[in-house]
Every structure is written in structure tokens, then in C-alpha cells.
Amino acid sequence: MTSPPSPSRLDRDLLLWMYERMGLIREFEERLKTLVERGVPVGPVHFYSGQEAVAVGVCAALRPEDWIASTHRGHGHCIAKGVDVRPMMAELYGKATGTNRGKGGSMHITDVRVGMLGVNPIVGMGVPHAVGAALSARVRGTDEVAVAFFGEGATSMGVVHEAMNMAAVWSLPVVFVCENNGYAQATPVEYAVAADRISDRAAAYRMPGVTVDGQDVLAVLEAAGEAVRRGRAGDGPSLVECMTYRYHGHHQGDETLRYRTADEERTARERDCLRRFREVLSAQGFPVAEIDGIDVRNRERLDEAIAFAESSPLPGPEQLLADVYVESRS
Amino acid sequence: MSTEVATRELTFSQAINEALRQAMRLDPTVIVMGEDVAGAAGRAHLGLSDAWGGPLRATRGLIGEFGPQRVIDTPISEMGFVGAAVGAAMTGLRPVVEIMFADLIGCCYDQIINQAAKMHYMMGGQVDLPLVIRTAYGMHGFKRSYGGGAAAQHSQTLYAVLAHVPGLKVVVPSTAYNAKGLTLAAIRDNGPVVVMEHKFLGSAAKGPVPEGDYVIPIGKAEIVRRGTDVTLCGIGRMTHVCLEAAELLASRGTSAEVVDVLTLAPLDEATILESVARTHRLVVVDEDTPTASMARDIAARVADKGFDWLDGPIKTVTAPEAPVPFAAVLEALYAPQAANVVAAVDEILG
């Protein structure tokens, strides 16, 4: 199950799908962190742990044919939109079976078949791609919606503002999702962003802007759902700011205690999105055994993904010069 | 080409306009976007539209036929709208995006070199990126006794910084005929293609253009004048300078062959080498500044692969290592002229 169930069956199926995806992201990232610490050369990676409720809450509001554009911290977005974790892991191993045939790595994972337009490590540059996807949807006469994920650091990039302005001018079905995890590498948001809330920026572009608890997947779903409905109805773009926290460094090896306190990290983890959602499910009467079963299945999926990556072939030398130009298909 | 094909005289800009129009009629996924590609957007209720038509007026009239959904005036947001064109190209459209002047590529360089150029490769071939970027380049070249041109930030050539990036195709038409054929080829290419349109040629280059649909293959140079003593290799407007030089040389008994490069990336080395193999001498003429230029790239490739055929040093005739000056008297000294090309040939022939 890689796409959210239709809203009419919300409740049970959707809630379990959300828990499964959040858990799968966490499992992927924590297993990946172990691989990195063991010295497996997976290239530069930016862990999504801690932010799972954002990717999953947003993608739970989308249809399979909708589009997302991602950031450098994109593994969570990929998994939430339905990218298979086996080719994802193989991509990190630089294997021929990777999502990008081993030619992109963590910072470029893409699967357009599920509407995932690319992890994008040039900060802010994926945002106009979502605007373009929304423009494309309109010209092609569909009601697809496009989501642009970006961090609070990206709001200092002009291109993000250009993209918001264009989406508003053309009243396009774009949902701008700011994942405010408090830090752009080691630069805190209160230092670098001259706004009390990122969502305040929306007013400048005549679009609704809300700030939600990004550690509460149901709050994210509600806000994203409203923004998606608005876009699909032809009422234009929205900005949803999700207050969240990344548990690990900017990338592997980054020592977070050089720019934030242990106390702050401890407090943030007390609001862990996955644990909180598990408590919500328990309170709603989901059997613990069913929830545990999802965790077990996610661990097995990562076992399979890592085994798949390790046993997959390396790209052949012919791949060095393959696909530099797009071959004509006439 | 068959002589039965109906042709008329069109300007370079009119030929591009016709290419866009014909491509848009055939394929509803082709859209045009950029700053004032129509002009007067949002003023339809006042009976106003199509105030501008781009810097060369190459998009004038398109909005009347195709409407504002497919002919899209953008805010002044090069990074944003080139990025939107990239996203549109990934999701089923064939956008033709206009960057008003080549000088403005600095405002959207990331979307061109990091996004558009690399996506097909770094995504493992899973996405096509049928994106065309059209941009006006070069000096206007009016001959004035005083006053000046568009100066340092609106007169540059800059195609070398695009041709340098693997994954981008870069074409430089020189006539109305090849402007139409290369534009149609660019629109039908499934990857990103930059079409460099010389400002001066926009209205000055006039010639016969077939009415129908045709493409000129990207990646092919053309020998536009046959000769035996020296090959003059021209890019864009410089092809006309080479032809002018060839006439001057002919009057003095030297037979010059002229190669119109047409595509800078991927470069058609074979045609250039084949010409040099016959003439044994090469002068490359480029309106760009010399360091890391196409002129020196072509010279280096011929030195590497055609050394045995050469009877003399390869010469390059380029703009000087300086920004484009404003004053007309200085601008006139800036761009290569036929006399400079003749002087370079004289140096080789001794």
C-alpha cells in the first residue's frame, strides 16, 4: 500500500496508512544512520527523523496523480508519496537498480511515476518546479495539485518568493509546505528570518497562511487537506507552515550540540510525532498487536531493502555517458 | 530541398514566430512563457493584449491565436519562471520559455545548469525534459557616428557558459531559414535546448523561408560557401562576417570556405574537420570574449584531431577581453569585422 486510501474510507485505513508510512520513514532513516556509522559509503545524507508527520500528513491529503517537489532532506517525502524503499536504498548504494540507476544518490532521488519530482539539494530550487507542475496540470485540463516542500531556510531564497508570487498571480493549485525545523544547517531561524511566523509571508502573496504543529500528523493532515481542497477547486495556492524538529544533524557527521543544547533536543523528542500518533491510535481503540505488527513489517521492509541494495549490481561503465542527452523517441 | 516548396521572404523574427505558431497548432502541450511574450496581460477587459511580443517581436500575435493559457506573460522572475518551465516540462508540457536577453541568464542560471541540464542524467533517464529556452544575444550593431548601444549588461554573447554544461544543447541560427528549422527542431527535442537569437539578425536577416513544417537537425554544421585555401568558421551573426570576409578574400585571389557552426553543443566536429582537411587552414570567428570561448574550444579540437592537415596556425577572431562598451565609436571596435578576419587569414598565409 503506497498511496493513501480515498477520503471516503478515511478513518481506519488512512490512519493505519499514515502510521505505517511514518514508521517506515523512521525505520529507513535510523537504519540508514546505522549503516553510515558502520562506514557503508552511502554518500552524503540528510536524515528526516523527527519530521515524519509533515511528509505523511501532507501526502495523506494527496492523490496518486498529484505532484510533490522536495528538498535536500527528501527521504521522508519520497516514502510518503509512495516511492519503493528498495530502489531508494539501492540508489544510496550507487547501484544500477536504484531509483536513478545509481546516478543521483540521496540528494536526487526521483520517481515521477508516483508524482515525486525529485529530491533537490539546491535550496529552494524545487519550489518553482511545483508551480510548473500545477501550471502543467491546468494546461492539460486536469485537477492535479502540486506540493512544494521547503525548509524555513529556503524562505530566504528569492526563488521561493518568485514561485509564490507566480502561483498567486496565476491562481494555481499549489500547496507551499514550509517545514520549519528551526535550523538552516547551524543557523537558527530567529537569526536568519525576519518574520515571527513563516506563514505571515503568505499575506504578501494574497494566499492563506497557517502555522500548525508539525509533530501532530492529524493537524498537518487537516491543514494540508484544506489547502489541497482549495487548490483543486481552483481557488489558488496556500502556505502551510509546520513547526517541526530534526533529530540528527544537518547531514551525517554534523555535531548538533555545537549550535543547540541537549536540553532543547530532549524537550523536542518528548513531542515525538510517531509516539504521539501511536498514543492517538491506541486511544481510538486500535489493538496494540496491530500497531506492533506494522512496526514489524516495516523492519522487514528495511531488511529487504538493504539486502536488495547490497545484492544489486553496480552500474556498468556504459552508464557514464548514457542519458546525457535525451534520445529522440520518434 | 525541392524547388516546388512554397517560400516567401521572412525576417529572422518572423521565421521564429512561424515556427512557434506551427508547433503550437500541431501540439497542444507546447506553451510559450516569458516577460511580455504577449504584453498587456490582464488587460483583455480593456480590449488590450499583445502589446509587446518579446524583445525581437518573435512571439507577437501568438496570444490572439492560442490564448493566455498557452501564451503566458510572466512576472520579472527569471529563476521562478524558468523553474516553472522545468516543472512543466517534467509533467507533460513542452514549454518554450523566453529569457529576454542572454545577459539575464545570471538570474536563472541554477535552473538552467543544475536543474534542466542535469535532470535526465541524474534521474537515471526516467524523465524527459522537452524545454526550449530562447534568448536574444549580441550587440545591436547599429552604425552610429555618436551615442551608443545597449552596453555591458544588454549586449553579451555568453553562449559558451551554456555550451559548457553537459546535457544542454545550444543552437545559434544565422538566417531566417535556419532560425525556423532549428526552432522547430528545438521544440521537438525531448531534452533542454537553448536557442540563441542574435538581436541584430532579428530584423536584419531576411530570406526565403518555406511555408511548411521542417526541421534543421541539431548537432550539424553547414558549409555555406565552398573554398579551397582557408576555412572560416562562423557562429550566428559572425557567419555573415565570414561571408563578407570571403568576398574580400576572393577579390584578392584567396578562396575561403565558410562553415556555419549552427550548433555549439553538441558540436559537429566532423564537418569542421572535414573542411580543414581540404583547406588546411582555419580561422574561427566568435562575437564572444576569448577566454574559455567557443572559438578557442573549436581551435583546440581541430589542433587535437586535425593537426596533420594544418599548414599554418589556427587563428581566432573574437571580441576583446573587455565588457561591451556603450559609446558607438567604441562598440564599433568591439565586434569582429570582416577586415579583422581578412587580417587573420593574411597572418596564416604570410
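Relative to the compact-globule estimate of 2.2 N^0.38 Å, the Cα radius of gyration of the stretch B:217-280 comes out at 1.06. Shown here are the Rg and Dmax of the Cα trace of chain A, at 19.1, 61 Å.
Summed over qualifying helices (DSSP H, 4 residues or more, each -39500 (n - 2.57)) and divided by its residue number, chain B shows a 222 nm mean residue ellipticity of -9500 deg cm²/dmol. Per-residue Karplus couplings for the stretch B:91-102, computed as 6.51 cos²θ - 1.76 cosθ + 1.60 with θ equal to phi - 60°, are listed in order as 10, x, 9, 10, x, 10, 9, 10, 9, 3, 10, 4 Hz, Gly and Pro entered as x.
Computed over Cα pairs, the Kirkwood radius of the stretch B:246-350 leads via Stokes-Einstein (0.692 mPa s, 37 °C) to a diffusion coefficient of 225 µm² per second.
Sequence-ordered 3J(HN,Hα) estimates for the stretch B:122-135 from the Karplus curve with 6.51, -1.76 and 1.60 and θ = phi - 60° stand at 6, 9, x, x, 7, 10, 8, 9, x, 10, 10, 10, 9, 8 Hz, glycine and proline given as x. In plain terms, the chain from A:Ala96 to A:Arg299 could stretch by 70.7 nm, reckoned as 0.36 nm per residue minus the Cα-Cα distance. Remark: mean inter-chain Cβ contacts per residue of B:161-167 equal 1, using a 10 Å Cβ-Cβ cutoff to other protein chain atoms.
Over all distinct alpha-carbon pairs, what is the Kirkwood Rh of the stretch B:28-91 in angstrom?
So the Kirkwood estimate lands at 11.9 Å.
Mean residue ellipticity, 222 nm, helices only, chain A: the sum of -39500 (n - 2.57) across DSSP H runs of n ≥ 4, divided by residue count and rounded to 500, is -13500 deg cm²/dmol. Measure nothing fancy, just the Cα-based angle from helix B:78-90's long axis to the longest principal axis of chain B, in degrees from 0 to 90, nearest 10. Roughly 80 degrees between the two axes.
What average count of beta carbons from other chains do you get within 10 Å of the Cβ of residues in A:161-170?
5
Spread over its residues, the convex hull of the C-alpha atoms of the stretch B:108-246 is 137 Å³ per residue. Computed from label points 7 Å out along Cα-Cβ, the spacing between A:Glu318 and A:Leu257 is 5.2 nm. Diffusion coefficient (Stokes-Einstein, Kirkwood radius over C-alpha pairs, 37 °C, 0.692 mPa s) for the stretch B:184-305: 213 µm²/s, rounded to a whole number.
For B:Ala205, the residues 5 or more places off, or on other chains, whose built amide H falls under 5 Å of its own are B:Phe12.
Solvent-free Debye calculation, one equal scatterer per alpha-carbon of the stretch A:143-264: log10 I(q)/I(0) at 0.17 Å⁻¹ equals -0.84. Loop-resident GluC sites (Glu not before Pro) (DSSP state other than H, G, I, E or B) in the stretch B:270-350 with no more than 15 further Cβ atoms inside 10 Å of their Cβ: B:Glu321. The three principal axes of the C-alpha atoms in the stretch A:121-198 carry coordinate ranges of 43, 23, 16 Å, sorted with the longest axis first. Each label point was placed 7 Å from the Cα along the Cα-to-Cβ direction; for A:Thr187 and B:Glu321 their separation is 3.5 nm.
Here the ratio of the Cα radius of gyration of chain B to 2.2 N^0.38 Å is 0.99. Classification of the stretch B:139-211 by its C-alpha gyration tensor yields an oblate form. The axis ratio a/c (a ≥ b ≥ c) is 1.5 or more, and b/c is at least a/b. Counting every alpha-carbon pair across the stretch A:1-124, the share separated by more than 26 Å comes to 16%.
What the phi angles of the stretch B:259-270 give under the Karplus curve with 6.51, -1.76 and 1.60, with θ = phi - 60°, is a coupling list of 9, 8, 5, 6, 10, 8, 9, x, 6, 7, 4, 4 Hz, glycine and proline written as x. For the protein assembly as shown, the equivalent ellipsoid derived from the Cα gyration tensor has semi-axes of 52, 27, 22 Å, listed largest first. Between B:Arg134 and B:Val97, B:Glu98, B:Ile99, B:Val195, the built amide H atoms are under 5 Å apart, and every one of these is 5 or more places off in sequence or on another chain. Around the amide H of B:Val259, modelled in the peptide plane, lie the amide H atoms of B:Val224, B:Leu232, B:Cys233, B:Gly234, all under 5 Å away and 5 or more residues distant in sequence or on another chain.
Hydrodynamic analysis of the stretch A:53-110 uses the Kirkwood radius over alpha carbon pairs. Inserted into Stokes-Einstein at 20 °C and 1.002 mPa s, it gives a translational diffusion coefficient of 186 µm²/s.
Charge tally around B:Arg281: other residues with Cβ under 12 Å, Lys/Arg +1 each, Asp/Glu -1 each, net -3.
Between A:Thr34 and A:Ala289, what FRET efficiency follows from the Cβ-Cβ distance if R0 is 25 Å, with the result rounded to 0.05? In this case the efficiency is close to 0.40. Once the Cα-Cα distance is subtracted from the 0.36 nm per residue extended length, the B:Lys206 to B:Arg252 segment shows a gain of 13.7 nm.
Bear in mind these aren't lab numbers, they're just calculated from the coordinates by the rules spelled out. Just so it is clear, the structure is predicted and the values come from calculations on it, not from any experiment. Virtual Cβ from ideal backbone geometry, glycine too; neighbours counted across all protein chains shown.
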